[in-house]
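Here is the structure we will look at.
The values are calculated or read from the model by the stated rules, or taken from the named source; none is laboratory data. Quick caveat, the model's predicted, so the values are computed rather than measured. Here the Cβ positions follow ideal geometry from the backbone for every residue, glycine too, while neighbour counts run over all protein chains shown. Just the protein is used for accessible areas: all its heavy atoms, side chains included, with ligands, DNA and RNA removed. Shrake-Rupley method; radii C 1.70, N 1.55, O 1.52, S 1.80 Å.
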Amino acid sequence: DLGNNGVTIGAINDTTALVVWAGMSKGLKWGQISGSGWIPGTQELQVYAKRLHIRPHPHSGSWLGVAAGNIVNLTQFTASGWSEIDTLRCAYPGPAVNYDVDSPNLSRDSAPRPVVAWGWQSGTFGVCVCFPTDSGYGLAENIPDAVNGVLPSVAVDENGDTWLSWWRYGETVHWKHTYVAATASDLSAQGTVASRPLSWKRTQPAPGGWWAEMRTC
């Protein structure tokens, strides 16, 4: 079968790898390389694909991101097979029907769900990034700095901050990253030395941010 819409591979363990490919007319095909043998996949993936990317799950299995039309489809492969497909959408700067998604990229980090980035084109080019939550994915952000950006790559560091790089068409490589800009205020300490609850306010929401408590004697 042809793989003229993309091919991707991800290691499952030291003797097995997952291979997924896409043809223009036949959709997704997949199988596993086990030692020197080939095990064809039997579960059908009814998804039209234009480029795809595998990211190993930090505990077991793999994530697969597939560009399809103006969305990215995300599914997880485990010993039980492929999970239900999650559809990721973006806050494009215009009607979403006019956008063609390409080059999805999934972060490789210890989090159970990857950050997903992809490029789009609609007369011009751009980049979207979709951040996971405990319950799944919301609407992806269109990155204003990535006008005419293509081929994005995304990574997450040990502090949970996301790093994004892309190639600006006709120019060079650009990058940016997230950080927590919120600060603490109105600190209050009550109770006794043995049991003293602390409370404070944040100047703005900071989902995924963490806070350290320090004290002196």
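Remarks
- Scanning the stretch 40-62 for residues that are of a type outside the set (S, T, N, Q) and part of a strand (DSSP E or B) yields Pro40, Leu52, His53, Ile54, Arg55, Pro56.
- The strands (runs of 3 or more DSSP E) found wholly in the stretch 99-143 and carrying at least 2 residues that are open to solvent by 20 Å² or more (accessible area, probe 1.4 Å), within 25 Å of Ala22 (Cβ to Cβ) and touching a strand residue (DSSP E or B) at 6+ places or on another chain (Cβ under 8 Å) occupy 100-106, 116-122.
- Ser60 meets the conditions (1) modelled with pLDDT under 85; (2) touching a Lys or Arg at 6+ places or on another chain (Cβ under 8 Å); (3) of a type in the set (Ser, Thr, Tyr) in every case but one. The failed one is (2).
- Residue match in the stretch 24-39 (condition: among the hydrophobic types (A, V, I, L, M, F, W, C), under 29 Å from Asp157 (Cβ atoms) and either modelled with pLDDT under 90 or not in a loop (DSSP other than H, G, I, E, B) (or both)): no
- When His53, His59 are checked against the criterion of being within 19 Å of the chain's Cα centre (by Cα) and open to solvent by 50 Å² or more (accessible area, probe 1.4 Å), a single residue qualifies: His59.
- Of the set (1) under 17 Å from Pro104 (Cβ atoms); (2) more than 23 Å from the chain's Cα centre (by Cα), all apply to Trp38 but (1).
- Single residue of the stretch 171-217 satisfying the filter (modelled with pLDDT of 80 or more and assigned to a loop (DSSP other than H, G, I, E, B)) that is nearest to Ala111 (Cα to Cα): Thr178
- Residue that is under 21 Å from the mean Cα position of the chain (by Cα), in a strand (DSSP E or B) and within 20 Å of Gly126 (Cβ to Cβ), where the choices are Gly10, Gly65: Gly65
- Residue in the stretch 153-163 that is open to solvent by 50 Å² or more (accessible area, probe 1.4 Å), in contact with a His (Cβ under 8 Å, 6 or more places away or on another chain) and not in a loop (DSSP other than H, G, I, E, B) present: yes
- Among the residues of this structure, Thr42 does not count as one that is over 29 Å from Pro144 (Cβ atoms), open to solvent by less than 20 Å² (accessible area, probe 1.4 Å) and of a type in the set (Val, Ile, Thr).
- Lone unmet requirement of (1) touching a Cys at 6+ places or on another chain (Cβ under 7 Å); (2) among the hydrophobic types (A, V, I, L, M, F, W, C); (3) modelled with pLDDT under 90 for Leu88: (3)
- Close pairs from the stretch 37-58: first farther than 20 Å from Met24 by Cα, partner in a strand (DSSP E or B) and of a type in the set (Ser, Thr, Tyr), Cβ under 8 Å, at least 6 apart: Arg55/Ser62; Pro56/Ser62; His57/Thr78
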